[in-house]
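Asker: Pasting in a structure now, in structure tokens, and then I'll have a few things to ask.
The values are calculated or read from the model by the stated rules, or taken from the named source; none is laboratory data. Note that the coordinates shown come from a computational prediction; the quantities given were computed from them, not determined experimentally. Neighbour counts are summed over all protein chains in view; Cβ atoms, including those assigned to glycine, are modelled from backbone coordinates with ideal geometry.
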Amino acid sequence: MNANLSIIIVSCNTQLLLQEALLSIEKSQDSFPKLVIVFDNGSKDGTEEMIKKFFPWVLYLRSETNLGFAKAVNSAAVYAQGDYLLLLNSDARLEADSIQQAISWMETHKECAVCGAQLLNEDGTLQNSIANFPTLLTELGNKSLLRKLFPKKFPGKENKPKNPQAVESVIGAFFLVRKKIWDELGGLDERFFFFFEETDFCFRVIQKGYQVYYLPQVKVWHGQGKTAKTVLVEARIEYWKSRYRYFKIHRPYPEFLLLKVGLLLRLSFSLIFESLLYLLTLGRRNSERLRIGYQIALWHLKGMPESMGLSKS
């Protein structure tokens, strides 16, 4: 069967979430022939057995080690067919019409190279589904406040947009891209192990003169971080790595230096504040933020080694 759409899901020890994602694809009410590819990033939770038992129609690929999200997606995309490529997180679930709505819209809007959906929490409330390109203002300021004060420049869930709109970047839990543009740009940048891959891709899309759209009519349920919560400290360190890397690639070097100084000052103040609260409450305050903060500080003190974070976990 020739597919008009290829769906890629990368999974690492997320068997139960992955099963729900695949069930939602199976129940999708759309008319598009599709190839579904699961790339297993070294899972040890029975993912392979689950796929073979319940989803024999899935093309299952496996690495014995965690290659990172970008490299895993690129490895799977070699097998992709059709006009469209959908990157779907393993903690995401489609509505029955998600694919039909998204592709139908792209078919009539040829200027759109990438589109994203409205992501929903389990209780149906909105998640942020749009992202601005990182700048000193977004990374050192308060993103929620920016979205409230300047909704046109910083669109988000607070504004509840009702119509499709061109944006800088969309959150990659549901990331639909034209296959020819994917090939033209060479896929995801593998310098990003985890986080910021889709932001970097959208940046390159817009640099090429194409557009990225957010489609509020396309609804997708999203676990928002469930895949990283089991390795929370490592995930936060990886986030900082990718943020620094993005600035090194796309922003002037002085901005990278200002970002680093600003983030370290903010981290220092946060550690002092959280430590005082922990002492004043005699240890009754949740120490999770404090523990993560100290590990990020330790990573900096050690010279930001690659051996810390998800890439070596």
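Okay, residues lined up against (1) more than 23 Å from the chain's Cα centre (by Cα); (2) surrounded by 14 or more Cβ atoms within 10 Å (Cβ to Cβ); (3) touching a residue at least 12 places away in the same chain (Cβ under 8 Å):
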| position | (1), (2), (3) |
| --- | --- |
| 181 | no, yes, yes |
| 188 | no, yes, yes |
| 194 | no, yes, yes |
| 207 | no, no, no |
| 211 | no, yes, yes |
| 234 | no, yes, yes |
| 243 | no, yes, yes |
| 255 | yes, yes, yes |
| 274 | yes, yes, yes |
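Asker: Given 292, 249, which one is farther than 27 Å from residue 45 by Cα and among the β-branched types (Val, Ile, Thr)?
Answerer: From the options 292, 249, the qualifying one is 249.
Asker: Farther than 20 Å from residue 35 by Cβ, among the aromatic types (Phe, Trp, Tyr) and surrounded by fewer than 20 Cβ atoms within 10 Å (Cβ to Cβ): which single residue out of 150, 55 fits that description?
Answerer: When all the criteria are applied, what remains is 150.
Asker: Counting just the residues of the range 108-144 that are modelled with pLDDT of 95 or more and assigned to a helix (DSSP H, G or I), which one comes out surrounded by the most Cβ atoms within 10 Å (Cβ to Cβ)?
Answerer: Going through the qualifying residues, I end up with 139.
Asker: Helices (runs of 4 or more DSSP H) wholly in the range 1-94 with at least 1 residues that are out of contact with any Cys (no Cβ under 7 Å at 6 or more places or on another chain) and in contact (Cβ under 8 Å) with a residue 60 or more places away in the chain - which ones?
Answerer: 15-26, 69-77
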